[in-house]
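Take a look at the structure set out below.
The values are calculated or read from the model by the stated rules, or taken from the named source; none is laboratory data. Since the model is a prediction, treat every value here as computed from it, not as a measurement. No Cβ is skipped: glycine too gets one built from the backbone with ideal geometry, and neighbour counts run over all protein chains shown.
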Amino acid sequence: MLALLLASPAGARDERPPAPAVASEVAPALLAELTTRFGARPAGSPADRAAAAWLAGRLRAFGLSHVAIESFPILRWSPGDAAVDVIAPERRRLVATPLGGLVSGPTVTARVVAYDTYAAFLAAPADSVRGRIVAVLEALPGTADGAGYLRLVVMRSEGPAAAARKGAAGFVLRSLATHHERLASSGATKPLARPFPAFAISPPDAEELGRLATKGPVTLRLRPGAGWSGRAVTQNVVATLPGRDPTAPAVLVSAHLDSWEQGTGASDDGFGIAAVVAAVKALHDRPHRPLRSIRLVLFGAEEVTQPGSYPNFAGARRYIELHRRELAGIDLAAESDWGGGRIVGLRLPDLGDPGLDRRLAAGLASENVLVRTDRSASGPPDADVLKAAGVPLLRLDQDATLLFDTHHNARDTLDQVDMSALRQNVRVWTTVLRLLADRPLTPSPSPRPLRRAGP
């Protein structure tokens, strides 16, 4: 500490983030309490609602203003008691989980038609698929930026619908995972107008199914259990750190509260919640408030799809509906929802502040974060909904090398979280939010046009 004091010239402005002992330790404690006390938080479940109430209480205790729980109705989806079995050439049970948002219908037993890639399935004529169970066995490649997932997630979100259109009896895909364990990964798909069984199976089971298919006919039995279990209520949790100038455009930072049934939602997205909440608290605890207000939103119902007017990312769409008049007053938005890796990059929209990228690069130099301007940057899903409504988007890129080892499966638990990465995320978010919220005001020639967010 003495060395740090001697190294700082008298009167120099302190550009460092708040002391890690104060800011960064909030996040591990918050994440531990969230995952231990409430566990998995499927949208609309009692755990989801209880976790929201607890978080709202923590935000009030941290001194934030305008803390509120903004509830909205959804249909509660449940995976039920489902199973996937090989019936022939010999009997064995596969590790599988139903895809979210589908109603499975009656048990289906049928021959398998297997494809090594999703593209091969799409190219297959309907006659080769009709009455069969489609198995897409393409493996997810591991990449540091998660590009493989972004390319292949369509086979989960659109694959069942494509199979149903071709007259298939059911659909299974290899889990979108980079591990090689007998764990199946959940995930949402487009809701269909009729019951249709669709499952993700574990990587080893997918490989075994592929080997069986090369030797001769394979018959699967899909025993469903998934479906809508009734009406429920979920919520967004909102709060504000008021800025010195209440008329200045605000900065919005977010994460999402809900999770899948497997695991405890530690990395997806308890990690994001802990990082952004701790960063906002660190800025609250500084001697001087930021120039601009910081709005914090913990979205509900990010994971599961829905029939009706909010087909996906219902919390973000509900937020836009309730706050549409305020969106023009949001300078930019960002979201933490890309697992538990260290932040390695920052993509910045053009905000008319030519020195902002240099200030951010200087503030993040010790964290090895690459700062660049990218007007086309997309974000995690809730942030993309805000972008579609006309809100400029900032993206913090995390190392996704290990993300899909735990993503949407039973290993998404606290023991898998790298706490040093979480502390680094807090430091980076604190610095970024401070510099964004304190950047000088520039006159705007006209209000920013807003767009209606599409489904």
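Quick notes on this structure:
- Helices (runs of 4 or more DSSP H) contained in segment 1-64 and holding at least 3 residues hydrophobic (A, V, I, L, M, F, W, C), more than 23 Å from D438 (Cα to Cα) and at pLDDT 95 or above: 26-38, 46-61
- Inside segment 321-350, residues that are within 18 Å of the chain's Cα centre (by Cα) and either buried (at least 21 other Cβ atoms within 10 Å of the Cβ) or at pLDDT below 95 (or both) make up a count of 11.
- Just one of the listed residues (S309, S293) is surrounded by 22 or more Cβ atoms within 10 Å (Cβ to Cβ) and of a type in the set (S, T, N, Q), namely S293.
- Comparison of R372, R411 shows that the only residue that is within 25 Å of P290 (Cβ to Cβ) and of a type in the set (D, E, K, R) is R372.
- Options A139, A123, A144, A119: the member that is closer than 30 Å to L396 by Cα, out of contact with any His (no Cβ under 6 Å at 6 or more places or on another chain), surrounded by fewer than 16 Cβ atoms within 10 Å (Cβ to Cβ) and not assigned by TED's automatic domain parsing to the domain that holds E302: A144
- When D81 is tested against (1) surrounded by 14 or more Cβ atoms within 10 Å (Cβ to Cβ); (2) at pLDDT below 95, exactly one condition is not met: (1).
- Summed over segment 97-123, residues that are assigned to a helix (DSSP H, G or I) and in contact with a strand residue (DSSP E or B) (Cβ under 6 Å, 6 or more places away or on another chain) total 2.
- Selection status of R342, touching a residue at least 12 places away in the same chain (Cβ under 8 Å), out of contact with any Leu (no Cβ under 8 Å at 6 or more places or on another chain) and basic (K, R): yes
- G167 vs. criteria touching a Lys or Arg at 6+ places or on another chain (Cβ under 6 Å), of a type outside the set (S, T, Y) and assigned to a loop (DSSP other than H, G, I, E, B): yes
- Strands (runs of 3 or more DSSP E) (entirely within segment 214-293) containing at least 3 residues that are more than 22 Å from F62 (Cα to Cα) and in contact (Cβ under 8 Å) with a residue 24 or more places away in the chain: 219-223, 227-241
- Residue check, P290 modelled with pLDDT under 95 and either of a type in the set (S, T, Y) or in the same structural domain as H408 (by TED's automatic domain parsing) (or both): no
- Hey, T214 more than 30 Å from P307 (Cβ to Cβ) and either buried (at least 19 other Cβ atoms within 10 Å of the Cβ) or hydroxyl-bearing (S, T, Y) (or both) or not: yes
- Selection status of A163, out of contact with any Gly (no Cβ under 7 Å at 6 or more places or on another chain), of a type in the set (G, A, S) and in the same structural domain as V95 (by TED's automatic domain parsing): yes
- For segment 21-66, filtering for residues that are over 21 Å from the mean Cα position of the chain (by Cα), more than 21 Å from F299 (Cβ to Cβ) and among the hydroxyl-bearing types (S, T, Y) leaves 1.
- Single residue of T97, T107 found to be of a type in the set (S, T, Y) and farther than 22 Å from V304 by Cβ: T107
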